[in-house]
Amino acid sequence: MSAVATELRINGDRLARRLADLAEIGPIEGGGSARLALTDADRDGRNLVVSWMEDLDLRVDVDGIGNVVGTWPADRFDPPVLTGSHIDTVATGGRFDGNLGVLAGLEVLETIIESGVQIEHPVAVGFFTNEEGSRFAPDMLGSLVFAGGLPLEEALDTVAIDGAILGDELAHIGYVGGMPCPARPPRAFVELHIEQGPVLESEGVTIGVVTGVQGISWQELTVTGQSNHAGTTPMGMRHDAGHVAAAIVVAVRRLTSEIPGLVGTVGRMDLHPDLVNVVAARARLTVDLRHPDDDTLATAEAQLANRVEELAHAEGVSVVRRVLARFEPVTFDPTVVDLVEDVAHRHGLAVRRMASGAGHDAQMLARVCPAGMIFVPSVGGISHNPAEYTAPADLTAGADVLLQILLHLANPTAAAADDAFLRKSRPASGPDLRRNGGAGSERDAGAPKESGS
């Protein structure tokens, strides 16, 4: 590439302003935001980001699940080099999770447009519907549909935790688009994201080079017992759904101490009739298990199922299990991973290779194109919390790395001529990013699979 292109840097102040402006939509105490998927707040956030895309004369496309992609140049319809993330949040969201990836991508495109640098392939930034999964399960739903992993019709019929139907809510906010699902695969996908953990900050590292995403298992357990008087029913004669639910929480924690690398969370639980003087007749709880090895994750699932069966038998209750999400571990494209590391080193930044503990849209895009991720530090390892924070210098550093990666991937001929890294031979197992044309072949190895939702 030209010296002008390699010296390009994003405007950190402009990125920070957009992050602050988006955070004002759905504001909550402490400086965070609540924009659950397909709510009015999500609609308002979408409208703001789309207005910024239109200000840059991007071609804005919306598909049938509400994913939004802005492409430049607007008259190019060949597979773009795509970046982006999500702008929906959890109910206690911060201002950086997901939003950074979208707005840094927008900033990268604006920097490229302002510079006048010529590119061989179009570049695009997008945001995907319902990444968090807080309102509709599974998480990463929009990118899963985008990549062909979940039929559009099935996704539109998904019922929210508040009883709403996804398709109805999508129509309500005005984001039922005409672009097909699954989408035509992009040339490549790179996602910038906050780490959402403490490792980078604790080690004094600026850039996390993400090698892949650990496997994820979400399930909902409904325990049915018998309501009865809290004072007159002997302990040994109870069928207490609340007791069994509490024992499952303990079992999940114990399992994580027995299986190295396993993390487990019971993040949601409710009791019925939820009265102080009544033995609970029903308990409903969710279990989130994660591990980087799929066989180990399956072992954890089986051991938990056995323990739940023992608890149910002992208390005389029944338990029904419903799978909310099941994704295998994902390994990102080695060329993209190497490129992230190489660019960060060239910027003089401290680098660490690491797997992601959280699920991300990039793991869905990895099904259909070369994909990778960039992490920047989360202060205190805090995320899904209004206190979520990443220092401005780290935001800018991550966006600058993203800029150069997109320029490399959008200019393969120039990059191959000027950059010794891209002249290295490509492993035979994957598409060569140095060739012209789209890299849209389906990849089976390492692709996440879901087993119901």
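Here are a few things to note about the model shown:
- Filter result for residue 161 (in the same structural domain as residue 408 (by TED's automatic domain parsing) and buried (at least 20 other Cβ atoms within 10 Å of the Cβ)): no
- Sub-8 Å Cβ pairs linking a first residue in segment 357-374 that is of a type in the set (D, E, K, R) to a second residue that is surrounded by fewer than 24 Cβ atoms within 10 Å (Cβ to Cβ), at least 6 apart or interchain, are 367/148; 367/149; 367/442; 367/443; 367/447; 367/448, ordered by first then second residue.
- Enumeration of residues in segment 31-82 that are acidic (Asp, Glu) and either closer than 12 Å to residue 106 by Cβ or surrounded by fewer than 23 Cβ atoms within 10 Å (Cβ to Cβ) (or both): 40, 44, 54, 55, 57, 61, 75, 78
- Segment 10-43, residues that are within 22 Å of residue 128 (Cβ to Cβ) and either among the aromatic types (Phe, Trp, Tyr) or assigned to a helix (DSSP H, G or I) (or both): 15, 18, 19, 21, 22, 23, 40, 41, 42, 43
- Once segment 271-295 is narrowed to residues that are aliphatic (A, V, I, L, M) and in a loop (DSSP other than H, G, I, E, B), the residue that is surrounded by the most Cβ atoms within 10 Å (Cβ to Cβ) is 280.
- Spans of helices (runs of 4 or more DSSP H) in segment 117-192 with at least 2 residues in contact with a Lys or Arg (Cβ under 9 Å, 6 or more places away or on another chain): 166-173
- Pairing each residue of segment 285-306 that is under 15 Å from residue 219 (Cβ atoms) with any residue that is surrounded by fewer than 16 Cβ atoms within 10 Å (Cβ to Cβ) and hydroxyl-bearing (Ser, Thr, Tyr), provided the two are 6+ apart or on different chains, yields C-beta distances under 6 Å for 288/265.
- Exactly one residue out of 74, 37, 23 is aliphatic (A, V, I, L, M), assigned by TED's automatic domain parsing to the domain that holds residue 363 and under 23 Å from residue 188 (Cβ atoms), and it is 74.
- Strands (runs of 3 or more DSSP E) contained in segment 307-412 and holding at least 2 residues among the charged types (D, E, K, R): 318-327, 351-356
- Conditions (1) at pLDDT 95 or above; (2) within 28 Å of residue 74 (Cα to Cα): number failed by residue 36: (2)
- Residue match in segment 101-111 (condition: touching a Cys at 6+ places or on another chain (Cβ under 9 Å) and either part of a strand (DSSP E or B) or under 19 Å from residue 46 (Cβ atoms) (or both)): no
- Listed by first and then second residue, the pairs linking a residue in segment 127-142 that is under 11 Å from residue 166 (Cα atoms) and free of Cβ contacts under 8 Å to residues at least 60 places away in the same chain to a residue that is surrounded by 24 or more Cβ atoms within 10 Å (Cβ to Cβ) and not aromatic (Phe, Trp, Tyr), with Cβ atoms under 6 Å apart and 6 or more places separating them unless they lie on different chains, form an empty list.
- The residue pairs whose first member lies in segment 7-26 and is at negative phi, whose second member is among the basic types (Lys, Arg) and buried (at least 18 other Cβ atoms within 10 Å of the Cβ), and whose beta carbons are closer than 7 Å, counting only pairs six or more residues apart or on different chains, are 19/95; 23/95; 25/35.
- Number of residues in segment 83-128 that are under 16 Å from the mean Cα position of the chain (by Cα), acidic (Asp, Glu) and farther than 13 Å from residue 68 by Cβ equals 1.
The values are calculated or read from the model by the stated rules, or taken from the named source; none is laboratory data. Keep in mind that what you see is a predicted model, and the values were worked out from it rather than measured. Don't worry about glycine lacking a Cβ; one is built from the backbone with ideal geometry, like all the others, and counts go over all protein chains shown.
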